[in-house]
Structure formats: structure tokens, C-alpha cells
Amino acid sequence: MPLSTPARIVSELASRGYNAEPAAVTRLAGAPESETALERALETMPDDALKLTVDHVDSVLDRSESRAAATSTPGQDAETGASAVTSATEPEDPSVSTGTEPPNSPDVGDGVPVETKGSRDVDISKRAIEVANDMTGDSTGTGEYNDFVQVFRDRYEKLASKLRGRVNHRPTDAIENMAGGSEAALIGMVSDIRSTASGHWLVELEDTNGTFPCLVMKDRPIADLVQQLLLDEVIAVDGTLADDSGILFVDSLHFPDIPRTHSPSTADRPVQAALISDVHVGSQEFMEDAWHRFTDWLHTPEAEHVEYLLIAGDMVEGVGIYPEQDKELDIIDIYEQYEQFSEYLKEVPGDMEIRMIPGNHDAVRLAEPQPGFDEELRDIMSVHDASVHSNPALVTVEGVTILMYHGVSLDEVIAELPDEEASYEEPHKAMYQLLKKRHVAPQYGGHTRLAPEDRDYLVMEEVPDVFHTGHVHKLGWGKYHNVLALNSGCWQAQTEFQKSVNIDPDSGYAPILDLDTLDMTVRKFT
Ligand code: D5M
Ligand code: FE
Ligand code: ZN
């Protein structure tokens, strides 16, 4: 049997009762004569060793550099691989300390490859996880015009219901018939935003009965709010009708928003979740060594409370996502990318509960909501009993409701809104805007594509306790009306495209959330 793929090497090792470091498997797979190299490596392994290490494979392959030498940088502990550990409870003030615990991975060669056992003492009977808003398998949309009408109607209804208590609104066609000069309010979807010749703002709102023009004067404080508007979001306005009742002069503007009184739920025991995204397996820039350090760390007593792993999309690099992307692919076959991703998932302690949603690099439709893959891919990714949900999905972990959304709309929010409200440097602030609009992808037709379904799965009907996104490859978090917004960075080093547009990704960080306090600690594995 030719040992051409990592999966075959792993099963060959397992059949002989050995574990292996994943990097050792990769090295063997890449060797010109992998079968011979594997035999030589096993023959020359120390008698008491049960795990084939990358160093050992390197010595067999006569490679000059070892993994530790290749990856250590000043300030890191090449021996433990744990590197610098960043720990912070306040986003503004991340204190840095250095990891001291060596990853302790007592391996038991029982035929389960690249899995370590026995270092974690967890009681899985205390676990509780529920998922809502997962539309996988329930897609009804045909992409016809009527579906769009239906989904926008549903969006309007759901978001208008959040605004009804705040204004005494009338439908657009009734407002046209009100007396000039009277007070009026309406709730509508933003269908146009224009500045007038004299610099005021004309915002057109649409409800199920028609549209109505609303004027925001440039010198009013609410003019700043117009800068935050996106097309297709639902807002309420209050104001005075012009003499001919043809336009509303706006006095106040309201977003559906998160109530300031929101009081998040917490777990009733010390338990943690690692919230990551954008692994990009299959890309030449996938940071394999950082990933190994992360999964090694998960096996240490220090990570004993980390019982959940949530991955917010872009598990693999995908194929044909961006022009010229193929030049930076390490694995060109999409199925092989998922198979390799599964190998990396196997490194995660077997007792951990894993939940994932797709992103724009994954092999599902790009239009949102994205279903949680087809049977075949779910099967490939089922190595760890991991579950896949749709993008977005609402995952409640021991009482803490986490809205998982990949985050393509963040590019849109950042492009459209002023820098102080949304920037790549502070991705959590762009997330605040989505929370305020109670919709994960308000504006349709730019970066974000929409698949019309019988209802709008992208509306935030329920207030989440935590909002978890990825996509922009920047790490940032903060609280908005008591909701923790976290954008989780990535496991991919800077790509050629990112270099060309000056995106400096935050790679190799694992944000760890205390589910009992909603405090965050960020660990760095590069
Ligand atoms: O995208 C990561 C980030 O980089 C996200 O903000 C989009 C942006 N990006 C990356 N590559 C491209 C290209 N080729 N065109 C436009 N924008 C890009 P991700 O989708 O996770 O790779
Ligand atoms: Fe990504
Ligand atoms: Zn993405």
C-alpha cells in the first residue's frame, strides 16, 4: 500500500500500536519514499517510545532543522512550545506573562492516533449544550423574487416588533394622509440614503405599505447617526411632517438595539470554552506549529476547564475563493483539505465538545444563511463527534447563549461606517454595530450575499450573551450593553493579498472564555 496520504500513514502507525505527532506524519507524507522512511523511523525509535516525534522523523530523513529550532523566536520557550501566554480580562490592557507549564502529554499507544489521554479530569455529565436557529437541512429558498419579498417581510416584522414600544408609528401610506405639521413616527427598512444639495440627509424608509422620505438636518446631533446607517436595516424615526405632508423632519432615530438592561446568563460551575475561527487548513500559510502548541496545551492540567471548542468558520482554505488563491495552496483538493482538517481536530482532547459553523472559504453556498455542510463533508469532519451548524447559529453552552456568525458582513460594516465606529483594528466595534441593528448582515448586495429563505435567519431575535465572529483575521473583544463581542483572529499567517492591502492578521491566538464569569483570557501560541 503506498503511504501517499497522511491518513494512510496514521492508520499504518495505529495498526502497529504507535501514536505520532501530526507534524511527523506530515513530514513522512512529504518524504520522497514515505514507506521506507516510515519503516526506518520505526526501526530506529527508542524501545520505550510510543509516539513517533517529528524530531525523530527529521533525524531519519536527515533534515537539518528540527521543529523546535525552526519555530522558536525570542521570548518563547522552544522546549515547551507553549510560548508567551497573553492573559487579559480587559481588552484595553492585555498583560503579558510567559507560560511556565510544559505541555504534559502522556501518550498511551492504544491505536488511537495523535490523541493523548489521561491528563484531563473532566466530568462530562455536567455538560449542557443546545442549538437554535440552525437551518441545516431546512433550506426552502429557490432564489425567486418572491422569496426575497418573503425574507425582507420577515426581517421587517421581527425588527419592527423590537421598535414598536419606542415610537407611536403609522404605516407609510397613512402618514401621507395625515395633516401637514403634525407629529408622526414610522418604522421602516432603509431603502436609500442621500445627501441633499445643502448637506442634509434624505433617508427613505420602506415598510410593507410603501416608502416615505425622511429628512435629517445636518446640524442636528442625530445627523451622526445617519453615518451609522446601512441600507436594508430597520429603524424607527419620530418627527414632524412638512406642511404638504410629503416629507418627515426627523427629531429622533432609534435602532432595534440590545436593551441596556440585558443581564447575561452564566454557567454555574468553573468551565471554559475556546472560541476560535479561520483555521484555513490547506493554505501554505496555515500555522501548523501554532496549532500543535494549542492542542498540546489543551491536554495540560492548565486547560482542564476548557471543555468546549467553538470554531466560527473557514476551517479550510477552500479552492477558488479569491483570484490567484491557488498559488498559495498547500492542498489543492477540497476533500483532502477537510481530511487534513480532521487530522488536526484529532489532536484536540477526545473529551472536548466541538461545534463549528462554515465560513466563506468552506465548501457550502456562499449566500447566507449557510447550511452546515452536506452529508459527505459532515462525515469527513465527524472524527471527533464534532457537530456542524449553520452560519449563523445560536449555541447555548451551560446557559450562556453564544451567537456564532462567520463575519463576512464585517467587511461591509468596516467599509461603510466611519473609522471610529468600525475598523479592522477594533473588529469588536464593528460587531457592536451589528448588535445595535439586531442583524448579522444588514446590508445586502455588497460583500454579503443573501439566500432568501422563508424567514430571515440573520435577525438577532434573541439577545445573545456572547457574539462570536471571525473572518477579518483580527483579534478584538469588548462589551456592548453587557453582550461580549469577540472576533477571534486566525491560524493563518499573512497571505500575499493581505500583504498587498496591509492587513496584518492576528494569527495563532486562542481566546478562552470563562463561562461562569464571561471573562476572557487570550493565549498566544506563536
Ligand atoms: O478573509 C480575511 C480578510 O481578508 C477579510 O477581511 C477579507 C479579506 N480578504 C482576504 N483575501 C481577499 C481578497 N482576495 N479580496 C478581498 N478581500 C480579501 P478570509 O475570507 O477569511 O480569507
Ligand atoms: Fe478566514
Ligand atoms: Zn472568512
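The values are calculated or read from the model by the stated rules, or taken from the named source; none is laboratory data. Since the structure is predicted, the reported quantities are computational estimates derived from the model, not experimental observations. Cβ placement follows ideal geometry from the backbone for every residue including glycine, while neighbour counts extend to all protein chains displayed. When the accessible area is computed, the model is the full protein with side chains, heavy atoms only, and any ligands, DNA or RNA have been set aside. Shrake-Rupley method; radii C 1.70, N 1.55, O 1.52, S 1.80 Å.
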Inset, instruction - Considering only region 412-423, state which residues are over 16 Å from residue 233 (Cα atoms) and among the acidic types (Asp, Glu). - result: 419, 420, 421
Legend entry - Of residues in region 267-288 being crowded, with 17+ Cβ neighbours inside 10 Å and farther than 30 Å from residue 325 by Cα, the one nearest to ligand 3 (Cβ to nearest atom): 273
Inset, instruction - Could you pull out the residue among 421, 412, 453, 416 that is away from ligand 1 (no atom under 13 Å from the Cβ), open to solvent by less than 20 Å² (accessible area, probe 1.4 Å) and out of contact with any strand residue (DSSP E or B) (no Cβ under 9 Å at 6 or more places or on another chain)? - result: 453
Legend entry - Failed item in (1) without any contact (Cβ under 8 Å) to a residue 60 or more places away in the chain; (2) not basic (Lys, Arg); (3) not in a loop (DSSP other than H, G, I, E, B), with residue 235 passing the rest: (1)
Legend entry - Every residue from region 205-219 that is out of contact with any helix residue (DSSP H, G or I) (no Cβ under 6 Å at 6 or more places or on another chain) and either within 20 Å of residue 438 (Cα to Cα) or at pLDDT below 95 (or both): 205, 206, 208
Legend entry - Flag if residue 399 is out of contact with any helix residue (DSSP H, G or I) (no Cβ under 8 Å at 6 or more places or on another chain), of a type outside the set (Asp, Glu), surrounded by fewer than 20 Cβ atoms within 10 Å (Cβ to Cβ) and over 23 Å from residue 321 (Cβ atoms): yes
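Given 302, 347, which one is over 14 Å from the mean Cα position of the chain (by Cα), outside any loop (DSSP other than H, G, I, E, B) and away from ligand 2 (no atom under 16 Å from the Cβ)? Spell out the reasoning first.
Details: 347 fails: outside any loop (DSSP other than H, G, I, E, B).
It is 302.
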Legend entry - Flag if residue 355 is more than 16 Å from ligand 1 (Cβ to nearest atom) and open to solvent by 10 Å² or more (accessible area, probe 1.4 Å): yes
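I'd like to check something: does region 466-480 contain any residue that is away from ligand 1 (no atom under 14 Å from the Cβ), more than 30 Å from residue 526 (Cα to Cα) and out of contact with any strand residue (DSSP E or B) (no Cβ under 6 Å at 6 or more places or on another chain)?
no
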Inset, instruction - Go through the residues of region 437-451 one by one and say whether even a single one is within 29 Å of residue 298 (Cα to Cα) and of a type outside the set (Lys, Arg). - result: no
Inset, instruction - Check off (1) surrounded by fewer than 22 Cβ atoms within 10 Å (Cβ to Cβ); (2) more than 16 Å from ligand 1 (Cβ to nearest atom) for residue 340 and give me the number that stays unchecked. - result: (1)
Inset, instruction - Quick one: residue 430 ticks every box in (1) under 18 Å from the mean Cα position of the chain (by Cα); (2) away from ligand 2 (no atom under 16 Å from the Cβ); (3) open to solvent by less than 60 Å² (accessible area, probe 1.4 Å) except a single one, so which number is it? - result: (2)
